[in-house]
There are 2 protein chains.
Amino acid sequence: MASSPTHPSGRDPTIFDVAALAGVSKSTVSNVVRGTDGVSETTRARVERAIEILGYRPNALARQFVRQRTTILGVLVGDLDNPFYGDIAKRVERVAFRSGYTTMFCNIEGEDDDFALSRVEALLEQRPAGVVFLAFFGRSPDIEAALGKSVPVVFAGLREDWGDSVAVSNSLGAKLATQHLIDLGHRRIAYVTTRGVEQRAGQARHRGYQSALRAAGAPAGPPIHWEPGGERVTIKGREASLREELGGPDGATAIFCSNDIGAIALLEYADRHDIRIPGDLSVVGFDDVHLASLARISLTTVRQPLDEIARVSVETVLARMAGDLVGPPRHLQVSPSLVVRASTAPPAA
Amino acid sequence: MASSPTHPSGRDPTIFDVAALAGVSKSTVSNVVRGTDGVSETTRARVERAIEILGYRPNALARQFVRQRTTILGVLVGDLDNPFYGDIAKRVERVAFRSGYTTMFCNIEGEDDDFALSRVEALLEQRPAGVVFLAFFGRSPDIEAALGKSVPVVFAGLREDWGDSVAVSNSLGAKLATQHLIDLGHRRIAYVTTRGVEQRAGQARHRGYQSALRAAGAPAGPPIHWEPGGERVTIKGREASLREELGGPDGATAIFCSNDIGAIALLEYADRHDIRIPGDLSVVGFDDVHLASLARISLTTVRQPLDEIARVSVETVLARMAGDLVGPPRHLQVSPSLVVRASTAPPAA
DNA sequence: CGGTCCTGCTGGAACGTTCCAGCGCATCTA
DNA sequence: TAGATGCGCTGGAACGTTCCAGCAGGACCG
């Protein structure tokens, strides 16, 4: 048990101990602690002195209990080990802390929906004041039911169909990426996506890709689903060989990949199969994870303004909590930007 | 406000509502909810039915309040954005969840001790049942004071001077790394360290490096402190040029770097300065972050068994919490292993 | 000078659990 | 059959806050 030096009784001092020492009522101590006004300067000083002497610290558990709310901000993360999530998680945490909230992370690794749901329930049991989603959920009805309408929710960059959201403009980002390839002279540009979890964002990115190509009068293909590490891909439900889609005489000369981790896996694949980048194949990613800027990777990509996304997301959910923001869900968009590096070049002649 | 369909009164149903419906006392409901035995099968069934009907969910805030403890496991992370921390954080979370604990992460970015301290205090205010350190703290006396003796603490892989710890054997890992370079034929092997935050681990790694070289009759240098991105290094407090330490006629032919992120930064530096790796210079890291296994990085490194560290760390702190582990701090060591990749080769002839 | 208003402080009630002493009743033992 | 034992259940107390109605007493107003 912790015990302050001046209060060796074993139990932590309570508001009553402070009140007794300062010669005031518990209510006054409470008012001082909470910074309520309506306490005279002299009384305040006396109480503060008593707090100091006793080493009193408010019991957060009691406070949370009586107020029936915490200063916990729940954060649901797709995969902490993915640098994109790690990066944004860190920023969310920083912003929340500045506003007096403590973040509670739950890591969800998309694989198992039941697992994800049980994680969400464990999080909700702590009665967070709000929840920030950095992860996508397939079974949203269950999640929605679990959340009820009891907790404000914001989606940081992932979906726009439920709750508030703050997202980069996926279609604009995809347009920037695709237009860059078009400007370099590419015509056969493929769109590769790697993870089911980003369905909605991925769809929007595919639309942006399509619209850029259409505007340029070039052909846009369907999404090519690829599981990093594998040799096979799925196109409109049919299996095919990744090798044949890339770099060959009829294959694509450039790829826009729906995310950096996938794009980097593509670079790996290319390295193993003697496809030179950007000589034989140009690759553009999405996210601008740190990794992408390493000289040995040097991936051209679309940068998400993570700081802004994190800041605005937290601000939004805090505003909902405070009642400052009411009404229907608000969907904010932030602007992506293109970062050109060494993974893109004009197509071979 | 959340409300179950069958309980539209606005307030969440309490144990009393369940008791009334089931025709028993609140105590019996409590016993059913907590799984206490001493409740007959028929009563239990009746209570469970009532719980179902009302959609009752125990109020975690009230429970925590009355028991004065939570099922929150605090985790202090060095930098969530560093893949090493992200990886181990994720594993810790997984193990904790399996044991019924929810993890609360606090991200500490070593720079600012006052900030770190305020983060720790915010974490402690939630009264976690235990704390796992994945970060190193310079000002441990303050942290120690803040923690008091009230919360069991375990250090995962970082220090061995306070609280329980579960760490890879840093000196053995360093020996493996250095011996690998010696076996390849290197004699001029430098030790580079990048971050103040890993002082203790770094010191142990330097000792392992020294002992391997001594055993081989080769010279061991002092730690070379390098700030990734810079050109200058500090050796025993004196400044020098990194370029001159590496690859030159008198410079090192191989480097053992105290961590992978630093080692990868060294690769970057080498790339920019036309030092070929491993032709001109061999590099070994420590940690085996995912990144290191990318074909374009392919860093020889020392792997930490992160799963084991995470599992044993959480087990240790849970055992302390439960009182199953008593007595003086326990310092467990786990074994590192060498992962040979393409960043090391025999020295140029 | 009586009433009203404000300021600073008070004390009770409430929050929803857990924990525990204790009680009635049936069963077992001598 | 009396007493002991144990099982299943009960009701009160406690946990440390916040919130709120209310109360003195001084200042201000007509």
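The values are calculated or read from the model by the stated rules, or taken from the named source; none is laboratory data. Owing to the predicted nature of the structure, the values given are computational and were not obtained by experimental measurement. Positions of Cβ are generated from backbone atoms using ideal geometry, with glycine treated the same way; all protein chains shown enter the neighbour counts.
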key: Hey, residue B:63 within 11 Å of DNA strand C (Cβ to nearest atom), over 18 Å from residue B:317 (Cβ atoms) and outside any helix (DSSP H, G or I) or not   = no
message = Please count how many residues of the stretch A:93-106 are under 17 Å from the mean Cα position of the chain (by Cα) and over 22 Å from residue B:70 (Cβ atoms).
response = 2
task = Pull up the stretch A:190-223, narrow it to residues that are surrounded by fewer than 18 Cβ atoms within 10 Å (Cβ to Cβ) and in contact with a Lys or Arg (Cβ under 7 Å, 6 or more places away or on another chain), then point me to the one that is modelled with the highest pLDDT.
result = A:211
request  = Please work out which residue is nearest to the other protein chains (Cβ to nearest Cβ), limiting yourself to the stretch B:20-30 and to residues that are within 46 Å of the chain's Cα centre (by Cα) and more than 7 Å from DNA strand D (Cβ to nearest atom).
outcome  = B:30
task = Within the stretch A:171-188, work out how many residues are assigned to a helix (DSSP H, G or I) and in contact (Cβ under 8 Å) with a residue 60 or more places away in the chain.
result = 8
ask   = How about the stretch A:31-63: which of its residues are within 14 Å of chain B (Cβ to nearest Cβ) and either touching a residue at least 60 places away in the same chain (Cβ under 8 Å) or near DNA strand D (Cβ under 10 Å from one of its atoms) (or both)?
value = A:33, A:56, A:57, A:58, A:59, A:60, A:61, A:62, A:63
request  = State whether the residues of the stretch B:319-339 include one that is part of a loop (DSSP other than H, G, I, E, B), surrounded by 21 or more Cβ atoms within 10 Å (Cβ to Cβ) and among the charged types (D, E, K, R).
outcome  = no
request  = Would you check which residues across the stretch B:224-273 are part of a loop (DSSP other than H, G, I, E, B), buried (at least 20 other Cβ atoms within 10 Å of the Cβ) and either modelled with pLDDT of 90 or more or of a type in the set (Asp, Glu) (or both) and list them?
outcome  = B:253, B:258, B:259
inquiry  = Going through A:302, A:326 one at a time, which residue ends up being of a type in the set (A, V, I, L, M), free of Cβ contacts under 8 Å to residues at least 12 places away in the same chain and away from every other protein chain (no Cβ under 14 Å)?
reply    = A:326
query = Which one is nearest to residue B:345 (Cα to Cα) among residues in the stretch B:282-296 that are more than 7 Å from every other protein chain (Cβ to nearest Cβ), assigned to a loop (DSSP other than H, G, I, E, B) and of a type in the set (A, V, I, L, M, F, W, C)?
reply = B:286
message = Quick check on my filter: what residues within the stretch B:69-103 are out of contact with any helix residue (DSSP H, G or I) (no Cβ under 6 Å at 6 or more places or on another chain) and without any contact (Cβ under 8 Å) to a residue 12 or more places away in the chain?
response = B:90, B:97, B:98
request  = Filter the stretch B:64-87 down to the residues that are of a type in the set (D, E, K, R) and within 16 Å of DNA strand D (Cβ to nearest atom), then identify the one that is surrounded by the fewest Cβ atoms within 10 Å (Cβ to Cβ).
outcome  = B:67
query = When you go through (1) away from every other protein chain (no Cβ under 14 Å); (2) touching a residue at least 12 places away in the same chain (Cβ under 8 Å) one by one for residue A:217, which number turns out not to apply?
reply = (2)
request  = Give me a count of the residues in the stretch A:24-44 that are more than 10 Å from DNA strand C (Cβ to nearest atom) and assigned to a helix (DSSP H, G or I).
outcome  = 2
message = Taking the conditions exactly as written (of a type outside the set (Asp, Glu), outside the structural domain of residue B:320 (by TED's automatic domain parsing) and modelled with pLDDT under 85), does residue B:139 satisfy them or not?
response = no
note = Apart from one, (1) within 8 Å of chain B (Cβ to nearest Cβ); (2) assigned to a strand (DSSP E or B) all hold for residue A:75; the odd one out is (1)
ask   = Of all the residues that make up the stretch B:142-161, how many are at pLDDT 85 or above and among the basic types (Lys, Arg)?
value = 0
remark   = Checked A:94, A:127 against criteria (at positive phi, touching a strand residue (DSSP E or B) at 6+ places or on another chain (Cβ under 8 Å) and at pLDDT 85 or above); the one match is A:127
request  = Spot the failing condition for residue B:69; the list is (1) under 30 Å from residue B:304 (Cα atoms); (2) at the interface with chain A (Cβ under 10 Å from one of its Cβ atoms), and only one is missed.
outcome  = (1)
query = In this structure, does residue A:95 turn out to be surrounded by 24 or more Cβ atoms within 10 Å (Cβ to Cβ), more than 8 Å from every other protein chain (Cβ to nearest Cβ) and not in a loop (DSSP other than H, G, I, E, B)?
reply = no
note = Expected single match for over 30 Å from residue A:275 (Cα atoms) and not aliphatic (A, V, I, L, M) among B:280, B:250 is B:250
inquiry  = If I ask for residues that are more than 27 Å from residue A:286 (Cβ to Cβ) and in contact with a Lys or Arg (Cβ under 9 Å, 6 or more places away or on another chain), which ones from the stretch A:72-101 would you list?
reply    = A:72, A:97
message = Taking the conditions exactly as written (crowded, with 16+ Cβ neighbours inside 10 Å, out of contact with any His (no Cβ under 6 Å at 6 or more places or on another chain) and at negative phi), does residue A:54 satisfy them or not?
response = no
ask   = Within the group B:109, B:121, B:48, which residue is more than 20 Å from the chain's Cα centre (by Cα) and surrounded by fewer than 21 Cβ atoms within 10 Å (Cβ to Cβ)?
value = B:48
ask   = If a residue has to be closer than 12 Å to residue B:336 by Cβ and either in contact with a Lys or Arg (Cβ under 6 Å, 6 or more places away or on another chain) or buried (at least 21 other Cβ atoms within 10 Å of the Cβ) (or both) to count, how many in the stretch B:163-175 make the cut?
value = 7
task = Give the stretch A:66-87 a look and list any residue that's of a type in the set (Lys, Arg) and away from DNA strand C (no atom under 16 Å from the Cβ), or say none.
result = none
